[in-house]
Amino acid sequence: MARWEPDSRGRLVQAALVLYAERGFENTTVAEIAARARLTERTFFRHFADKREVLFWGAAALEELLVSAVEAAPESDSPIEAITRALEATGPMFEERRDFARQRQRVIDASTELRERELIKLASLASALADALRRRGVAEPAATLTAEAGIAVFRVAFARWVSDSDSPGLRHFIRESLGELQTVTAGR
């Protein structure tokens, strides 16, 4: 083992992304990730519960950001406006990690297990957003429908953003995807 180096978590994430891209998620072990990062398996498990969590460890921070933005939205905002503010608040978080987001998405797209885990994460985010809307006084089924629609908008916008290397930014795709949803629901 080499002498101590900083940013164990970051090194593990980078090592995992490289190995997942080279060998596939299913064919990569925790031991290989740790070795590539020049760390021990024990250090890996201090940071992550399993090898999937290398790709999903930021979900709690994302949920907190989304919920906080809904809670901070002006009372005069409609439910969809509050959700839109929340989705747009994610822009800076993702923009600074765009390369990671692209690499991560390629790994997820190549694995059924990871796509399933991503859907679970998105469902959890929708549930948290619906709870935040209910705390704002939004009744059912409007709270759940708005939160689910918001997550659908986010999912489409995010996919477009990671696949477009010359894009104007995630916020642009969020607005554009929301506009598409509004057009579809207006029956035009």
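The values are calculated or read from the model by the stated rules, or taken from the named source; none is laboratory data. If you're wondering where the values come from, they're calculated on a predicted model, not measured in any experiment. Cβ coordinates were reconstructed from backbone atoms using ideal geometry, including for glycine residues, and neighbour counts include every protein chain displayed.
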Checklist outcome for this item: Reported set for the stretch 146-188 where residues are of a type in the set (Val, Ile, Thr), surrounded by 17 or more Cβ atoms within 10 Å (Cβ to Cβ) and under 23 Å from Leu133 (Cβ atoms) is Thr146, Ile151, Val153, Val156, Ile174
Checklist entry - Looking at Ala2, is it at pLDDT below 95 and not charged (D, E, K, R)? => result yes
Next on the checklist: Given the criteria among the charged types (D, E, K, R), under 22 Å from Thr185 (Cβ atoms) and not in a helix (DSSP H, G or I), does Glu75 qualify?
Outcome noted: no
Item to check | Number of positions in the stretch 73-108 that are closer than 18 Å to Tyr20 by Cα and among the aromatic types (Phe, Trp, Tyr) | outcome: 1
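This table checks each residue for (1) closer than 30 Å to Asn27 by Cα; (2) among the small types (Gly, Ala, Ser).
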{"site": "Ser68", "(1), (2)": "no, yes"}
{"site": "Glu71", "(1), (2)": "no, no"}
{"site": "Glu88", "(1), (2)": "no, no"}
{"site": "Gly91", "(1), (2)": "no, yes"}
{"site": "Ser111", "(1), (2)": "yes, yes"}
{"site": "Ile120", "(1), (2)": "yes, no"}
{"site": "Leu145", "(1), (2)": "no, no"}
{"site": "Arg160", "(1), (2)": "yes, no"}
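I need a count of the residues in the stretch 138-173 that are part of a helix (DSSP H, G or I) and either closer than 20 Å to Val67 by Cβ or basic (Lys, Arg) (or both).
Of the stretch 138-173, the ones part of a helix (DSSP H, G or I) are 142-163, 170-173.
Cutting the leftovers down to either closer than 20 Å to Val67 by Cβ or basic (Lys, Arg) (or both) gives us 142-155, 157-158, 160, 170-171.
Counting residues in the stretch 138-173 that are part of a helix (DSSP H, G or I) and either closer than 20 Å to Val67 by Cβ or basic (Lys, Arg) (or both) gives 19.
Output the residues belonging to the stretch 93-111 that are aromatic (Phe, Trp, Tyr) and closer than 13 Å to Ser163 by Cα. Full working, then the answer.
In the first step, residues of the stretch 93-111 are kept if they are aromatic (Phe, Trp, Tyr); the result is 94, 100.
Matches in the stretch 93-111: Phe100 only.
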Checklist entry - If you check Glu96, Glu118, Glu63, which single one turns out to be within 15 Å of the chain's Cα centre (by Cα), within 21 Å of Phe173 (Cβ to Cβ), modelled with pLDDT under 95 and among the acidic types (Asp, Glu)? => result Glu96
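Among the residues of the stretch 25-43, write down those that are in a loop (DSSP other than H, G, I, E, B) and either on the phi < 0 side of the Ramachandran plot or surrounded by 20 or more Cβ atoms within 10 Å (Cβ to Cβ) (or both).
Correct list: Phe25, Glu26, Asn27, Thr28, Thr29, Ala37, Leu39, Thr40.
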Checklist outcome for this item: Reported set for the stretch 44-80 where residues are closer than 19 Å to Arg135 by Cα, loosely packed, with under 13 Cβ neighbours inside 10 Å and of a type in the set (Asp, Glu) is Glu64, Glu75
Next on the checklist: Which pairs turn up if I take residues in the stretch 165-179 that are in contact (Cβ under 8 Å) with a residue 40 or more places away in the chain and look for partners that are surrounded by fewer than 21 Cβ atoms within 10 Å (Cβ to Cβ) and of a type outside the set (S, T, N, Q) with beta carbon separation below 6 Å, at least 6 apart in sequence or on another chain?
Outcome noted: Leu170/Gly91; Leu170/Phe94; Arg171/Glu88; Arg171/Gly91; Ile174/Glu88
Checklist entry - β-branched (Val, Ile, Thr) and over 24 Å from Tyr20 (Cα atoms): does that describe Val70? => result yes
